[in-house]
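S.K.: My questions will all concern the structure given below.
The values are calculated or read from the model by the stated rules, or taken from the named source; none is laboratory data. Given the structure is predicted, the values throughout are model-derived calculations rather than measurements. So basically every Cβ, Gly included, is an ideal-geometry build from the backbone, and we count neighbours across all protein chains shown.
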Amino acid sequence: MNPLMADATAHGRTQGTALSVNVNKVALLRNTRHLGIPSVVRAAELALQAGAAGITVHPRPDGRHIRDHDVTELAALLTRWPQAEYNIEGNPFHNLMDHVRAVRPHQVTFVPDSVGQFTSDHGWDLGVDGERLRPLIEEARALGVRVSLFMDPVPDAMHRVREIGADRIELYTEPYAAAHGSDRQADELERFAAAARSALALGLGVNAGHDLNRDNLSDFLRSVPGVMEVSIGHALLSDALEFGIADAVRRYRQCIAAARP
């Protein structure tokens, strides 16, 4: 067994789907003033207290939300939550690897964003970037960090993910979210299920994220096998404006529980 996948088992990641809360939007709001509020660390702590299995951040080169000090302060917080995981995502050809080297999170998710990209909107083309990614994957794994690649739901691409040494994929779920409730929903779910089956058959772990919310999360998890982790930020923190962070986390955990057989 891949030792980094074994580490996931030790953290309870095979016992259902883990909820990792992305706190980027807390930092985005904080950055509109110079008062230090709302606190990114406090928001993460509230999410963990409510049962979140991990915290995700996506520091971008322009510092529009998560900043360098957030990455290190959250790493310090996570030392007090040994059952939880820290996931840092971003483009390894920009500023990401400095953070990985500095704090050695449990997981790094490589995302093919451009420098000024509004939000993530596609997975890796490993025919173009696979060989460039290989040494960075090797470096992260040598640091003891699990590597996940942000991928479109293309079953044939999973062989290449495995070849270049990644441990997991994160399925880019916006196409499913856009189709949810329409006559395209079933076809989109089958595309994602096929990609997950291909990944699982190769020994890869499967994560998922982007535009998952309380309306579409359970349907996704019922149909797509083996999802180990979902990373949710925008929708969960939007719900937190109505329910509070703790209750929003509990509601998303209920969505996950409702998808179990």
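S.K.: Looking only at helices (runs of 4 or more DSSP H) that fall completely inside segment 172-223, which ones have 2 or more residues that are without any contact (Cβ under 8 Å) to a residue 60 or more places away in the chain, touching an Asp or Glu at 6+ places or on another chain (Cβ under 9 Å) and more than 18 Å from Cys255 (Cβ to Cβ)?
M.R.: 174-179, 185-201
S.K.: Ok, one more. Is it true that some residue in segment 138-161 is modelled with pLDDT of 95 or more, among the polar types (S, T, N, Q) and not in a loop (DSSP other than H, G, I, E, B)?
M.R.: Here is the first cut: in segment 138-161, the residues modelled with pLDDT of 95 or more are 138-161.
Filter once more, so that each one left must be among the polar types (S, T, N, Q): 148.
Checking the rest, the ones that are also not in a loop (DSSP other than H, G, I, E, B) come to 148.
Yes - at least one qualifying residue is present in segment 138-161.
S.K.: Anything in segment 227-259 that is surrounded by fewer than 20 Cβ atoms within 10 Å (Cβ to Cβ), within 23 Å of Gln185 (Cα to Cα) and either out of contact with any Lys or Arg (no Cβ under 8 Å at 6 or more places or on another chain) or without any contact (Cβ under 8 Å) to a residue 24 or more places away in the chain (or both)? List them, or say none.
M.R.: Listed by number, the residues that qualify are Arg253, Gln254, Ile256, Ala257, Ala258.
S.K.: Okay, moving on. All but one of (1) among the hydroxyl-bearing types (Ser, Thr, Tyr); (2) more than 20 Å from Ala52 (Cβ to Cβ); (3) crowded, with 18+ Cβ neighbours inside 10 Å hold for Ser182; which doesn't?
M.R.: Evaluating Ser182 over (1) among the hydroxyl-bearing types (Ser, Thr, Tyr); (2) more than 20 Å from Ala52 (Cβ to Cβ); (3) crowded, with 18+ Cβ neighbours inside 10 Å leaves (3) as the failure.
S.K.: Next question. Taking Ile169 as the residue in question, decide whether it is in a helix (DSSP H, G or I), crowded, with 18+ Cβ neighbours inside 10 Å, of a type outside the set (D, E, K, R) and on the phi < 0 side of the Ramachandran plot.
M.R.: no
S.K.: A further question follows. Between Ala166, Ala178, which is among the small types (Gly, Ala, Ser) and over 18 Å from the mean Cα position of the chain (by Cα)?
M.R.: Just a single option satisfies the conditions, and that option is Ala178.
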